[in-house]
Structures are given as structure tokens and as C-alpha cells.
Amino acid sequence: MRPSIRSGVDPRQVEQTLAERTSGTLAASVSRAVVRLMHEFTGRGPTRARAIMNANSVLVLLEDTLTRAELNLLGAGESEAVVTMRRTYFAAMREQASATVAEITGRGVISMMADLDPDANMAIVFFALERGPEERAAASTDGDSAASTDGASASTDGARPDAQSA
């Protein structure tokens, strides 16, 4: 089993669950962080981003994410080249993105997965989080292997850091 990336926070010291914290604020923080990383890695961040969280996962939906160069390649019929390049960006940012999400949520990141739909100009980034102390305790007392809570989401419109106001 691959070790998870930890934020240095001892889960036993975390007194509140993700659901008890300001989940909308956490989701917005994750959304902004992913947008910032996309901007750092590609030279342009998406103009819209929305993070959806539950107890053990975070999904970030990115819209209007392609760079001018990628859009030009799409126009030339090179969608596979765009997808391959974007997957390479996602792989390159995996460690930094996982560490950032772990820091924001206070939970280790088990896995990060990402992909792009160039025709829709949308991407997703998914983070699987370690179970918190409360889920581990519940699982050990009732034998349940997966605890679930209601999710929270936050949207960031006009999220691109380099966007100019109209």
C-alpha cells in the first residue's frame, strides 16, 4: 500500500470532523488552491471552479480551463495531444496538490485523480481522503467499512487569478 501524503496534523488531535467545521469555507479554500496550482502549472487558471466535499473525498470541477495554445490545438484536430499534455500537468502537480489539500482539510490524501474533457473545456480533480478519527472509531465499533456524511460545496466564479475584469 502506498503511503499517504500527510499534512503533519495528528488526526487524534483534530477535535472536529470535516462536517462540523465550516465545510463551505473548506471547499472554497480547496477550490481556490486548485485554481492557483492550475495557473502556476499551465500559465492560466480556469474561470470557474467548484469543490464538492464529503467526509472522505473532495471533487473539484474546473470550467473554462484550456489555455489559448490548447484551444488552438483543438481547432487543429489535436484533442488527444491536449488530453495527453493536460494529464502530464496533473501528474506533475499531484504531490503539491495533495499536500495542499491535506493541509486545508487536516486529512491525509490517499489518492489524487484528474482528467479533462477538451470538447466541454472542463476538468475534474478528485482527492480521496484518509478516514478521520471519528470514522475509524465508528467502523471499529459497528464493523462498518465506510462512514458517510452529507457533502458541502463551494463555487468560485471568475476564479482565474490572471483574469481581467470586464
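Bear in mind these aren't lab numbers, they're just calculated from the coordinates by the rules spelled out. All figures in this text were calculated on a predicted structure; none of them were measured in a lab. Neighbour counts are summed over all protein chains in view; Cβ atoms, including those assigned to glycine, are modelled from backbone coordinates with ideal geometry.
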Note to self: Along each principal axis of its Cα atoms, how long is segment 21-141 end to end? Whole angstroms, biggest number first, please.
What the structure shows: 58, 24, 22
Next item on the list: May I ask you to derive the FRET efficiency for ASN72 and ALA128 from their Cβ-Cβ distance with R0 = 30 Å, giving the value to the nearest 0.05?
Entry: 0.30
Next item on the list: Sort the following peptides by mean Cβ neighbour count (other Cβ atoms within 10 Å, averaged over residues), highest first: 80-92, 50-62.
Entry: 50-62, 80-92
Notebook entry, point to check: Taking the mean number of other Cβ atoms within 10 Å as a proxy for protection, how do you rank 99-110, 67-78 from highest to lowest?
Noted result: 99-110, 67-78
